[in-house]
Amino acid sequence: DAGVIQSPRHEVTEMGQEVTLRCKPISGHNSLFWYRQTMMRGLELLIYFNNNVPIDDSGMPEDRFSAKMPNASFSTLKIQPSEPRDSAVYFCASSLVDGGEQFFGPGTRLTVL
Amino acid sequence: AQSVAQPEDQVNVAEGNPLTVKCTYSVSGNPYLFWYVQYPNRGLQFLLKYITGDNLVKGSYGFEAEFNKSQTSFHLKKPSALVSDSALYFCAVRGASNYQLIWGAGTKLIIKP
């Protein structure tokens with residue numbers, strides 16, 4: 001298996017622009033997580049999907065952030081409009097069972113100028 | 001509430017010496033504990049987990065961790081450190097919600113030749 005795939009690996013954009021991050025989880029995994037990692041706040045869970053359904057979005061910072069999972073093999077995290085404070089590394093992870101080990105993608109490094 | 005603490009921001013070890021990265025936890029119920037490693041510009045990689053059974057858990061890259069219920073600790077260990085072990089290490093515990101992992105702040109491990 002190729003593992004969790006994320007694209008793009010790097011994104012540089014200007015404040016106010018829309019940003020879309022993409023994730024393909026490991027085939028057969030029914031749980032998907034979006035995280036944000038910064039030096040100041042460490043690793044933060046943004047949203048959790050189970051069987052394509054959003055279960056917990058309490059970590060989504062504000063309405064500018066939205067996430068979808070239209071099918072078992074694809075998820076997006078969208079920021080609209082983006083702001084400089086959104087600059088971070090965004091990780092997608094998937095797991096086979098709730099509470100089990102999570103497998104992380106390589107991350108998307110987002111820079112908002 | 002479930003929580004995990006990594007008391008050391010950084011650990012320095014000479015190559016060939018044993019290493020320990022500390023983790024303590026607080027949970028209600030039986031703990032599910034995990035260790036992950038993050039190399040620069042990479043996603044987190046699963047190293048090992050404890051759910052039940054033998055208190056000494058063996059994982060990837062020669063790492064092991066010892067579960068100590070009385071001290072509520074789950075320290076990561078390796079008998080002989082390699083320079084290539086230099087990375088950021090995260091301890092995590094399964095949260096009360098079952099699907100969520102509660103993450104430590106991370107410990108930077110530096111192995112000097």
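Values computed for the structure shown
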{"quantity": "Accessible area (Å², 1.4 Å probe, nearest 10) - B:SER86", "calculated": "40 Å²"}
{"quantity": "For chain A, the Rg and Dmax computed from alpha carbons only, in angstrom", "calculated": "13.1, 38"}
{"quantity": "At 1.567 mPa s and 4 °C, Stokes diffusion of the protein assembly as shown via Kirkwood alpha-carbon radius, µm² per second", "calculated": "71 µm²/s"}
{"quantity": "For A:94-101, mean number of other protein chain Cβ atoms within 10 Å", "calculated": "5"}
{"quantity": "Per-selection Rg to Rh, chain B - Cα, Kirkwood hydrodynamic radius", "calculated": "0.95"}
{"quantity": "Exposure ranking of B:ASP54, A:ASP56, B:ASP85 by accessible area [1.4 Å probe, largest first]", "calculated": "B:ASP54, A:ASP56, B:ASP85"}
{"quantity": "Residue-wise HN-Hα coupling along the stretch B:37-49, computed from phi with Karplus coefficients 6.51, -1.76, 1.60 (Hz; x: Gly, Pro)", "calculated": "10, 10, 7, x, 6, 10, x, 6, 10, 5, 9, 6, 8"}
{"quantity": "Peptide B:43-52, shielding by other chains (average Cβ, 10 Å cutoff)", "calculated": "4"}
{"quantity": "Label point distance in nm, B:GLU15-A:ASN52, each placed 7 Å from Cα along Cα→Cβ", "calculated": "5.1 nm"}
{"quantity": "Listed residues A:MET39, A:MET60, A:MET15 arranged by accessible area, highest first, probe 1.4 Å", "calculated": "A:MET39, A:MET15, A:MET60"}
{"quantity": "Candidates B:GLY62, B:GLY29, B:GLY16: whichever shows maximal mean-square fluctuation once chain B is modelled as a Gaussian network with Cα springs under 10 Å", "calculated": "B:GLY29"}
{"quantity": "Chain A - percent relative contact order, Cα under 8 Å, separation 6 or more", "calculated": "37 percent"}
{"quantity": "Contour excess over end-to-end distance, with Cα ends at A:LEU113 and A:MET15 and 0.36 nm allotted per residue", "calculated": "34.7 nm"}
{"quantity": "Net charge dipole size for chain B [Lys, Arg +1 and Asp, Glu -1 on Cβ; Debye, nearest 20]", "calculated": "120 debye"}
{"quantity": "Interchain or long-range residues, amide H under 5 Å from B:GLU15's placed H", "calculated": "B:LYS112"}
{"quantity": "Cα Rg, Dmax (largest Cα-Cα span) when computed across the stretch B:1-61, Å", "calculated": "13.4, 38"}
{"quantity": "Apportionment of accessible area to carbon and sulfur, chain A, percent (1.4 Å)", "calculated": "52 percent"}
{"quantity": "Rounded accessible area of A:LYS24 (nearest 10 Å², 1.4 Å probe)", "calculated": "90 Å²"}
{"quantity": "Percent RCO, i.e. relative contact order, over chain B, from Cα pairs under 8 Å lying at least 6 residues apart", "calculated": "37 percent"}
{"quantity": "Cα principal axis extents for the stretch A:60-113, largest first, Å", "calculated": "37, 21, 18"}
{"quantity": "Rounded, prolate or oblate (a/c below 1.5 giving rounded, otherwise prolate when a/b exceeds b/c) for the stretch A:11-56 by Cα gyration tensor", "calculated": "prolate"}
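The values are calculated or read from the model by the stated rules, or taken from the named source; none is laboratory data. Please read all numbers here as calculations on a predicted model, not as lab measurements. All Cβ positions, even for glycine, are placed from backbone atoms using ideal geometry, and neighbour counts span all protein chains on display. What goes into the accessible areas is simple: the full protein's heavy atoms, side chains included, and nothing from ligands, DNA or RNA. Shrake-Rupley method; radii C 1.70, N 1.55, O 1.52, S 1.80 Å.
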